[in-house]
Amino acid sequence: MDSILRSGRGTEATEDLQNPEPRYRPTSAGALPDSADEDTLTAGDPFPPLDRTADEGGSRLAQDDAAPRREAEPSEELDNLATGTARVGTIDATEGIRPLPLRTNERVQPIEGRARTPEGDPYAPLGLRVGTFTVVPTLEQGLTWTTNADSSPDGDEALLSETTLRLNAVSDWSRHRAVLSGYGTYRKSVSGEDVSEFEGGADAALELDLRSDLSARAALAYQARRESASSPVAVAGVDRQPLRHTIDGSLGVEKAFGRLRLGVTGEVTRDQYGNARLDNGDTLSQSDRNSTLALVRLRGGYELSPALMPFLEVEAGRRFYDEERDSAGYARSATRLGARAGLSLDMSEKLSGEVSAGWVAEDFEDDRLDTISGLALAAALNWSPMRGTNVRLDGSTTVEGSTGAGDSGSLLYAGTLRLERQLRSNLTGDVALGAAWRDYSGGGHDLVLSGEASLTWWLNRYAGLTGRARRERQKSNLPGRDYEATSIFMGMTLQR
C-alpha cells in the first residue's frame, strides 16, 4: 500500500503495464536538466528530493552543471516503460519556468455582448430579388412651382403635381452582365397654366464574354416625351406639341489581337412623331418627320496599358424618311459619314469612360439642301476623387433634322457636368451644370445654359425628403427664341 501511495498510481499502473504509451521525449537540447541522480529516479520515488542552497538573494535551486550525464541503457528504458517512471530533472533557475501551452478552449463571449459591425451605408436601398436580378424601385412625389410651364418665350407660371417612378435592375451573373432601367414621370397642373403630360423611357444593356479575347455588347432603349416649345422644329400656334417616340438599338463585337482591339457595331435609331393639336381642337400630322437612321461603326484601338487605350473610329450610314418628300416638297433622306479619334480610360473606380473628337456630315438627296457638317464631340467620364463623391461628364453631338422650307437642320452640342456628394450618412447632395450650343445650317445659333441643385434628407432607409431648384435660360440670335425658366420642387422620395 505504501508503495502505491509513493508511486502516485493505483489501478492505472496495472493498465499502463498492459498498454504502455510512448513517453514524451523533448527534441531541444537542455530541455531537461541533468542534475538529477539516476539512482534517485526509481519506481518507488518518482519525485526526487531537491538540493537547496542559500545565496545572497535567499534560497535557490542548486544544480550541478558540471555533473556528467549518463545515458540510460536500453534495459533501463524498458524498465521505465514498465514501471511508468520517467526521468525528471530539477528546475533550472537561470532559464525560469517554461510557460504552459496556450488554452484552446477559451471562453466564448455571448452574442449580446459583441460589438456590431457598422454598415457601410445604412441608408442604401436593399432592393428586391427578382430571379437573378436585384431590382431597386424609387418613387418620388411632390409639387413643382415653375415660372415657365412649357419653356416657351411667353410661357406662364404654374404649380404642378409631379410623380416619378424609377426602376433599376442589375444581374448577379458570374460571367456575363445585364443592366435594366426605366422611368416614368407624370405632371399635372394644380393651378396656373394648364399642363398634363407624361414622359417615360426604358433601356437595357447586355455584355457577353464569349471568350477571353472576344466580347459582345447589345443595347436597346425607348423614350417617349412631348416636344418642347423651345425645340427648333416646334410647331407654332398649337395648343399641344406632338409626342416624340425614339427607339435606339445597337449590337457590336470586339476582338483582341494581343494589345490591338478591333470592333464593329451596328446601330439603328427610329424617330416617330404624333400629331400636334391646334388651338381650335384640330390635329396637324407630323408624319413627314418620321425617319430611321442606320449606320455601322468600325473601331480600332491599341492598349498602351490596362488603363489607357487610344482609338480611331469611322462610321457610315443612311437616314431614311418614311415619306419621300416632306410637306414643303424636299427629299430629306441623307447619307451619313463620320470619323473621330479618342481615348478610353479604365482606372478602376477612380476614373473610367472615354472622350473623342472628330467630324460628322449628312448629305441630303435634295440638292437644294445644304450638307450639315461640323465638329463631332463626345464624352462619357466618371471620376471619384474620394469616397462618397462622384463626378460625371457627359457630352454629345446630334444632327437635328428640319421640315422648314430650304432649312437643312442644325448641329446640337450638349454637355453636362454633375457632382454627387454624400454630405452625411443620411444627407446626399447633387449639383449639375449644363450647356448646349445649337448651330443652324442657315447661320443662326442658340445658347442654352442651365443649373440645378438638389438635397435629399433620408429619414430612414426607405423614405426621405427631397428639395430641388433649377434655372434654365436660352439666348438666340433668331427672333422669338429667347426664354427663361425657374422651378422649385419639394416632395418625398421612397425606395426599397
Quiz item: With (1) open to solvent by less than 30 Å² (accessible area, probe 1.4 Å); (2) of a type outside the set (D, E, K, R); (3) part of a loop (DSSP other than H, G, I, E, B) as the list, and A256 as the residue in question, which single condition is left unmet?
Solution: (3)
Quiz item: Which of (1) at pLDDT below 95; (2) basic (K, R); (3) more than 30 Å from G263 (Cα to Cα) does R166 not meet, given it meets every other one?
Solution: (1)
Practice problem: Could you check E313 against (1) in contact with a helix residue (DSSP H, G or I) (Cβ under 8 Å, 6 or more places away or on another chain); (2) buried (at least 18 other Cβ atoms within 10 Å of the Cβ) and say which number it fails? | Solution: (1)
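I'm trying to understand the selection: among the residues of the stretch 282-291, which are of a type outside the set (S, T, N, Q) and either within 22 Å of T335 (Cα to Cα) or touching a residue at least 24 places away in the same chain (Cβ under 8 Å) (or both)?
Filtering the stretch 282-291 for residues of a type outside the set (S, T, N, Q) gives 282, 284, 288-289.
Result: L284, D288, R289.
Take the residues in the stretch 469-496 that are under 24 Å from the mean Cα position of the chain (by Cα) and surrounded by 18 or more Cβ atoms within 10 Å (Cβ to Cβ), then tell me which one is nearest to L159 (Cα to Cα).
The first filter runs over the stretch 469-496 and keeps only residues under 24 Å from the mean Cα position of the chain (by Cα), leaving 493-496.
So of that shortlist, the ones also surrounded by 18 or more Cβ atoms within 10 Å (Cβ to Cβ) come out as 493, 495.
Numbers: T493: 19, Q495: 25 Å.
For the stretch 469-496, the residue satisfying everything is T493.
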Quiz item: Within the stretch 251-262, which residues are under 13 Å from L214 (Cβ atoms) and either in contact (Cβ under 8 Å) with a residue 40 or more places away in the chain or under 25 Å from the mean Cα position of the chain (by Cα) (or both)?
Solution: G252, V253, E254, K255, A256, F257, R261
Practice problem: Sort out which residues of the stretch 367-392 are surrounded by 15 or more Cβ atoms within 10 Å (Cβ to Cβ), more than 23 Å from V314 (Cα to Cα) and touching a Gly at 6+ places or on another chain (Cβ under 9 Å), and write them in order of number. | Solution: L369, N382, W383, R392
Quiz item: Here are L206, L180, L210, L220: which of them is within 17 Å of the chain's Cα centre (by Cα), closer than 21 Å to V264 by Cα and in a strand (DSSP E or B)?
Solution: L206
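Name the single residue, out of those in the stretch 118-152 being of a type in the set (A, V, I, L, M, F, W, C) and part of a loop (DSSP other than H, G, I, E, B), that is nearest to T389 (Cα to Cα). Walk me through it before giving the result.
Going through the stretch 118-152, the residues of a type in the set (A, V, I, L, M, F, W, C) turn out to be 124, 126, 128, 130, 133, 135-136, 139, 143, 145, 149.
With part of a loop (DSSP other than H, G, I, E, B) added as a condition, the list becomes 124, 126, 149.
Details: A124: 15, L126: 21, A149: 33 Å.
The selected residue is A124.
The values are calculated or read from the model by the stated rules, or taken from the named source; none is laboratory data. Computed from a predicted structure; not experimentally measured. Note that each Cβ is placed from the backbone with ideal geometry, even for glycine, and that neighbours are counted across all protein chains shown. SASA here: full protein model, heavy atoms, side chains in, ligands and nucleic acids out. Shrake-Rupley method; radii C 1.70, N 1.55, O 1.52, S 1.80 Å.
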